[in-house]
C-alpha cells in the first residue's frame, strides 16, 4: 500500500522544525537563506530516496521501513535536571575533562565544565553568523560524498551542533567530553547532533563522545561527526554508545587525515535496540595513520552493525583495525570493513581484524571484510573469527571457586578488553574499562544454564 | 575429611575411561597415583575437580559424607578441593593476581570470612611466591599467558598455597620440571602438609615421591586401581616399569599395602577387564 505523500511525518517534522527554531531564541540556527536552502535540498533528497529497502546489502537486511512513517515528539523547551556524574562513568572517571552536555537534545551549559586551553568551541548558530563561508563548506561536504539517508536527515534537521577546534601546535592533555543524555520522561525524540572537529597542524586532542539513555523510548539518535586532522595532528576519538534499549542509534564518524596525521578511533556500543556505528577515514596525506577499533555488545533481540570504510588515497599511509563483537540471546551483529586502496597509493599497509564471541546458540554474527585494491606494492590483510567461550578456560576458573556467572564475565571481559589496550591514555583506558565492565554486566542475560 | 571413591565409572564420548575405581583418602594422607599413559589418571583428576567434559556413569564420590559429584566445580573448590592442572589454561586478558584474588575471595565469602583487599592480597601472594622462588612479576601478567611449562606449574602451586585447600590433587605437576623446580614445587606441597590436609599426587616419576613422601602408592591401569602398596611399589615400578601389571590379577593389590587408607583398595583390581593392558 502506498500513501499519497511518502514520509509525511518527516515532512511535518521538517516544517515544524523551522518554526521551533524561531521559538527558541538564540539556540536554533539563524534563518540564513543558504542554510535554509542546504537543509531543504537535503530534506528533499531524503524524501526522494527514502530509507534503503530491507534487501539492501549495505544495511544487512536491517528493516528500516518502520522509520518511513516514524514520528517523534517535539524537543522539550526546558532541560530536565540531570546529575551527569551519576549517569556517565566516563565523566566520573575523568574528573578533569572539559565537558559539553546536551540533555534531550538541548544544551545544558550548567552541567558543562571549562574546556582545556587550546580548545575552542562555537555552536553552529554562532558559526553561521561569524564564519558562514567556512561553515557552509563544511556542512556541504558529507552531502557531496557518498551519503545515506541519515546523512540527509542530519543536514535537514540541523539544529544543535558544535564546531570544536584544537589550535595548531596545542598539545591538549585533558580530554574533551561531549555528552548527550536522554532522560526518561520525554519522547520519543529524534536527535541529530552534528559535531565538527578541527585538529590543527601538530596539535593533539583526546575527544570523547558519549551517548547515554536513561529511558526505553523508541528514540532515534542520528549523530554525525566530521573531523579534519591537519598535517602532523593527532586525534584520539572515543565514542561510547549506552543508549536506552528502545533507541535506534546511527552514528557516523567521517575523518580526513592530512600528511603524517594520526587518528585512533574507538567505537564502543553497549546500548540501544538497533545500532549502526560507521567510521569512515580518508587518508589524504602521505604518512597518515589510522587505528580503527571497535566493540559491540548485544543481547536479547537487539542488533548492532559496525561499519568501517578506510580510503587509502595516497602512498605510504597505514591503517589498523581491530573490531570485536560479543553477542548473547537472539541478538544479531555484523562487522563490515571496507578498505579501498586507490590507484597510485603504493606502500599502503592496511590490516583488519575482526573477532566475535557468541554467548548463545541463537545469536548470529556476520563478518564481512571488503578489500578493493587498485594499486601495486601494497600490504593488505584481514582476519576474522567467530567463536564461543572456551570451556577449558571456564572450567579452570570455576575449579578455583569462581562462580560460573562471574567466570563467564571474566572471560568475556578478557575478550573485549583487548580493544582498549591500544589506547595510549591510561586514564581514558581505566575509564573505559569501567564502562566496559558495566556494559558487559548489563548486557548479560540472566539465568542462563552454565 | 575423608574422600571416598567407590566403583567410579566415567566415560567420554561413550568411551569408558574409568571402570570401577575405588579409593579412600583419609585426612592427612598423601596418596600417589602412578600408571601407564592412557590409564585414566588425568580423567580421574578432572572428574574429581568437576569437569563437565566427562560423564560419570556409575559409582560414587563422597567428601566428608557429602556427594561430591552433585556439586559444581566452583562448589567443590569452595569446599576445599584443589586441582593443580597438568596443562594449566592460558587466558590472555585476565590478570593473574586479580584472578587469584577473585578466587580466594569467592572462597572466603563462602566460608563467611572477610574478603581481602588488593593490598593485603598482594602481600599474601608475594609471600607465597617467595616461598616458590617465583618472580613476583608473574603476578602482574595475564593468567599463564606465555608462561613456560615450569612457570605454569609453579603458578599452579602458588594458587594452591594461596587457596589452602583441604584436599589437593596434583596432576603430573612434576612433568617438564627440572630438578630445581621439582624441589621448589615439593617444598610448596610440603609446606601445606599439616596432618589434616590430604593430597593425591599423580606422577610418572619416583623422584617426586622422594621429595613428597606418600603414605600409599597406587597403580592405575585400565581405569581402575590395579595395585596399591607403600613407597616400595614406586621403587619397584621405577625399576621394572608396568610390565608386572600382567600379573596384577594373580597378586592381590592390597597385599603389601602399609597405609590404613589403602585398606580394601585393591579389591576391585582382580578381574578388572582393563587391568592387563
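The values are calculated or read from the model by the stated rules, or taken from the named source; none is laboratory data. As the structure is a computational prediction, the values presented were derived from the model and not from experiment. Here Cβ is always computed from backbone atoms with ideal geometry, including for glycine, and neighbour counts include all displayed protein chains.
If you go through region A:390-404 one residue at a time, do you hit one that is more than 30 Å from residue B:103 (Cβ to Cβ) and either assigned to a strand (DSSP E or B) or more than 20 Å from the chain's Cα centre (by Cα) (or both)?
The answer is no; no qualifying residue exists.
Could you go through region B:4-24 and let me know if any residue there is without any contact (Cβ under 8 Å) to a residue 24 or more places away in the chain and assigned to a strand (DSSP E or B).
Taking every residue of region B:4-24 in turn, at least one turns out to be without any contact (Cβ under 8 Å) to a residue 24 or more places away in the chain and assigned to a strand (DSSP E or B).
Checking residue B:50 against (1) facing chain A (nearest Cβ under 7 Å); (2) free of Cβ contacts under 8 Å to residues at least 40 places away in the same chain; (3) closer than 28 Å to residue B:117 by Cβ, only one condition comes out false. Which one?
Condition not satisfied by residue B:50: (3).
Does residue A:368 satisfy the criteria of being away from chain B (no Cβ under 14 Å) and modelled with pLDDT of 90 or more?
Yes, satisfied.
Restricting the search to region A:187-218, which residues are under 21 Å from residue A:258 (Cα atoms) and assigned to a loop (DSSP other than H, G, I, E, B)?
A:200, A:201, A:202, A:203, listed by residue number.
Please indicate, with yes or no, whether at least one residue in region B:84-96 is more than 9 Å from chain A (Cβ to nearest Cβ), free of Cβ contacts under 8 Å to residues at least 12 places away in the same chain, closer than 30 Å to residue B:7 by Cα and in contact with a strand residue (DSSP E or B) (Cβ under 9 Å, 6 or more places away or on another chain).
No, the conditions are met nowhere in region B:84-96.
In region A:413-450, how many residues are modelled with pLDDT of 90 or more and more than 10 Å from chain B (Cβ to nearest Cβ)?
Qualifying residue count for the region: 1.
If a residue has to be in contact with a strand residue (DSSP E or B) (Cβ under 6 Å, 6 or more places away or on another chain) and closer than 29 Å to residue A:65 by Cβ to count, how many in region A:196-218 make the cut?
4
Any idea which of (1) more than 28 Å from residue B:28 (Cα to Cα); (2) within 14 Å of chain A (Cβ to nearest Cβ); (3) at pLDDT 95 or above is the one residue B:122 doesn't satisfy?
All conditions are met except number (2).
The conditions are (1) within 18 Å of residue A:391 (Cα to Cα); (2) touching a residue at least 12 places away in the same chain (Cβ under 8 Å), and residue B:35 fails exactly one of them. Which is it?
Going through the list (1) within 18 Å of residue A:391 (Cα to Cα); (2) touching a residue at least 12 places away in the same chain (Cβ under 8 Å), residue B:35 breaks only (1).
Could you list all residues from region A:327-355 that are part of a loop (DSSP other than H, G, I, E, B) and buried (at least 22 other Cβ atoms within 10 Å of the Cβ)?
Listed by number, the residues that qualify are A:328, A:331, A:345, A:348.
Out of (1) part of a strand (DSSP E or B); (2) within 14 Å of chain A (Cβ to nearest Cβ), the odd one out for residue B:58 is which?
(2)
For region B:170-179, does any single residue satisfy the condition of being away from chain A (no Cβ under 14 Å), exposed (fewer than 13 other Cβ atoms within 10 Å of the Cβ) and modelled with pLDDT under 95?
yes
Would you check if residue B:22 is within 14 Å of chain A (Cβ to nearest Cβ), within 30 Å of residue B:235 (Cα to Cα) and modelled with pLDDT of 95 or more?
no
Let me spell it out: the conditions are (1) surrounded by 14 or more Cβ atoms within 10 Å (Cβ to Cβ); (2) under 23 Å from residue B:3 (Cα atoms); (3) modelled with pLDDT of 95 or more; (4) more than 11 Å from chain A (Cβ to nearest Cβ), and residue B:70 meets all of them except one. Which number is the exception?
Among (1) surrounded by 14 or more Cβ atoms within 10 Å (Cβ to Cβ); (2) under 23 Å from residue B:3 (Cα atoms); (3) modelled with pLDDT of 95 or more; (4) more than 11 Å from chain A (Cβ to nearest Cβ), residue B:70 violates only (1).
Can you name the number of the only condition in (1) out of contact with any strand residue (DSSP E or B) (no Cβ under 9 Å at 6 or more places or on another chain); (2) in a loop (DSSP other than H, G, I, E, B); (3) within 14 Å of chain A (Cβ to nearest Cβ) that residue B:161 fails?
Every condition holds for residue B:161 apart from (2).
Within region B:97-119, take every residue that is outside any helix (DSSP H, G or I) and away from every other protein chain (no Cβ under 13 Å) and give me the one that is farthest from residue A:413 (Cα to Cα).
The qualifying residue farthest from residue A:413 (Cα to Cα) is B:112.
Away from every other protein chain (no Cβ under 14 Å), under 21 Å from residue B:87 (Cα atoms) and either part of a strand (DSSP E or B) or within 15 Å of the chain's Cα centre (by Cα) (or both), is that true of residue B:186?
So residue B:186 fits the description; yes.
So if I check each of B:191, B:221, which one is under 22 Å from residue B:101 (Cβ atoms) and more than 14 Å from chain A (Cβ to nearest Cβ)?
Just one listed residue meets the conditions, B:191.
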